[in-house]
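Here's the structure, in structure tokens; my notes come after.
The values are calculated or read from the model by the stated rules, or taken from the named source; none is laboratory data. The shown structure was predicted, so the numbers you read here are calculated from the model rather than taken from an experiment. We place every Cβ from the backbone using ideal geometry, glycine too, and count neighbours over all the protein chains shown.
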Amino acid sequence: ALTIGIAGLPNVGKSTLFNALTRAQVLAANYPFATIEPNVGVVPLPDPRLDVLAGIFGSERILPATVSFVDIAGIVRGASEGEGLGNKFLANIREADAICQVTRAFADPDVVHVDGKVSPKDDIETINTELILADLQTLEKTVPRLEKEVKIKKGDAALLEAAKGAQALLESGQTLFAGAAAAKLDLAQLSALQLMTAKPFIYVFNTDDAGLADEAFQAELRELVAPADAIFLDAKFESELVELEPDEAKEMLAENGQEQAGLDQLANVGFHTLGLQTYLTAGPKESRAWTIRRGWTAPQAAGVIHTDFERGFIKAEVIGFEDLVEAGSVAAARAAGKARIEGKDYVMQDGDVVEFRFNV
Ligand code: GDP
């Protein structure tokens, strides 16, 4: 499965957030594929549509999609030079498919800040500098090698150009993810080089009540990290929230003036940042969300349920979630002409409720 690495300076609340994520995982532990690993938190992707489907179909259980987070310990200033747990840290980051940077934005005089002051902007710069330096080290080795290969006509000239473009961008102090679009750099082309700052980024600002209520403060930080998504949450509050029953948690959120728990926002943003989407199946046994990549066709989507479904794919009966809810049942949706028969070239859409027909 694709994973999101949680990174950040010491004492910013990573462990608090990660513990909350693993607590959320325990609650979802009846999930058939959930394996418990110490540094991985597999959390459910909240999807209220599944409750609605379970009502329509009388499903015995609900199985949401999941999002996996990996705890990446050990970034400190100098990590790119092997400081602290530098090398291990860099290896862990290389393995993650997206990077979630946790940044301290709470003022608590009892919690020491490694650099002596609370400044999300400076913290982001510290971490990005380490990642940029590590990528530059990679390119310092790669570019001369590619140049040699291109000279003897064995190399990939386009890759060399892209690598040089990446080098220039990094030297200007930008991460590849933030600067690629403006520099017209194709990150997909660079994927073989495993550069860390080319991964999608998400920023979590661990803040307090004051920060959660301060829209100007949030707007400023959102702008700073764009095009990455920013999430504002209170890690301590989130860790208390996951201990509560769902109804109590809802009440607590409402009292706090929040619509959705920070962890749920993080699961949602993380899932979409990884380029994933879901489709839905429903029946008396279960209502379920299945994870696919954006742009997948119906046979590829069927293959997530079982490889035989992809091989033997004949067609898919698809009803849009809204249409199904409006009609009230599959039979009524069919009668209303809302059930579509789709073939092997159909590209799956978010909210498709699907039944596959296949040969075995
Ligand atoms: P890590 O080093 O980044 O893993 O940080 P920890 O999760 O261990 O948190 C460092 C300290 O900050 C601990 O004493 C936490 O209790 C405290 N802390 C974490 N999140 C918050 C928060 O949202 N508000 C406050 N006031 N303290 C927090």
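Which of the following residues is assigned to a strand (DSSP E or B) and of a type in the set (A, V, I, L, M): Val269, Val204? Spell out how you get there, then give the answer.
Details: Val269 fails: assigned to a strand (DSSP E or B).
Checking each option against the conditions leaves just Val204.
Restricting the search to the stretch 285-341, which residues are assigned to a loop (DSSP other than H, G, I, E, B), within 28 Å of Val43 (Cβ to Cβ) and without any contact (Cβ under 8 Å) to a residue 12 or more places away in the chain? Once the filter is applied, which keeps residues that are assigned to a loop (DSSP other than H, G, I, E, B), within 28 Å of Val43 (Cβ to Cβ) and without any contact (Cβ under 8 Å) to a residue 12 or more places away in the chain, the stretch 285-341 yields only His306.
Determine whether the stretch 214-229 contains at least one residue that is among the aliphatic types (A, V, I, L, M) and within 12 Å of Gly262 (Cα to Cα). Outline the logic, then answer.
Here is the first cut: in the stretch 214-229, the ones among the aliphatic types (A, V, I, L, M) are 216, 219, 221, 224-226, 228.
Checking the rest, the ones that are also within 12 Å of Gly262 (Cα to Cα) come to none.
No - not one qualifying residue is present in the stretch 214-229.
Condition first: in contact (Cβ under 8 Å) with a residue 60 or more places away in the chain and small (Gly, Ala, Ser). Can you find one or more residues in the stretch 130-145 that meet it? Yes, the stretch 130-145 contains at least one residue that is in contact (Cβ under 8 Å) with a residue 60 or more places away in the chain and small (Gly, Ala, Ser).
The set of residues from the stretch 184-209 being without any contact (Cβ under 8 Å) to a residue 40 or more places away in the chain, over 17 Å from Leu136 (Cα atoms) and aliphatic (A, V, I, L, M) comprises just one member, Ala188. For Gln258, the test of being at pLDDT below 95 and not in a helix (DSSP H, G or I) is passed.
Can you name every one of the helices (runs of 4 or more DSSP H) wholly within the stretch 1-104 that holds 1 or more residues which are modelled with pLDDT of 90 or more and either within 16 Å of the ligand (Cβ to nearest atom) or over 22 Å from Gly275 (Cβ atoms) (or both)?
Details: elements: 14-27, 48-57, 86-95.
By residue number, 14-27, 48-57.
Among the helices (runs of 4 or more DSSP H) contained in the stretch 113-188, which hold 1 or more residues that are surrounded by 17 or more Cβ atoms within 10 Å (Cβ to Cβ) and touching a strand residue (DSSP E or B) at 6+ places or on another chain (Cβ under 6 Å)?
Details: elements: 120-151, 157-171, 176-179.
Because the criterion is at least 1 residues that are surrounded by 17 or more Cβ atoms within 10 Å (Cβ to Cβ) and touching a strand residue (DSSP E or B) at 6+ places or on another chain (Cβ under 6 Å), the helices (runs of 4 or more DSSP H) in the stretch 113-188 that meet it are 120-151, 176-179.
Checking each residue in the stretch 272-284 for being outside any strand (DSSP E or B) and farther than 29 Å from Asp97 by Cα picks out Gly283, Pro284.
Consider the stretch 217-238 and keep the residues that are within 18 Å of Phe271 (Cβ to Cβ), touching a residue at least 40 places away in the same chain (Cβ under 8 Å) and more than 15 Å from the ligand (Cβ to nearest atom). The one that is surrounded by the fewest Cβ atoms within 10 Å (Cβ to Cβ) is Pro227. Within the stretch 171-184, does at least one residue satisfy the condition of being within 26 Å of Phe271 (Cα to Cα), touching a helix residue (DSSP H, G or I) at 6+ places or on another chain (Cβ under 9 Å) and among the polar types (S, T, N, Q)? Yes, that holds for at least one residue.
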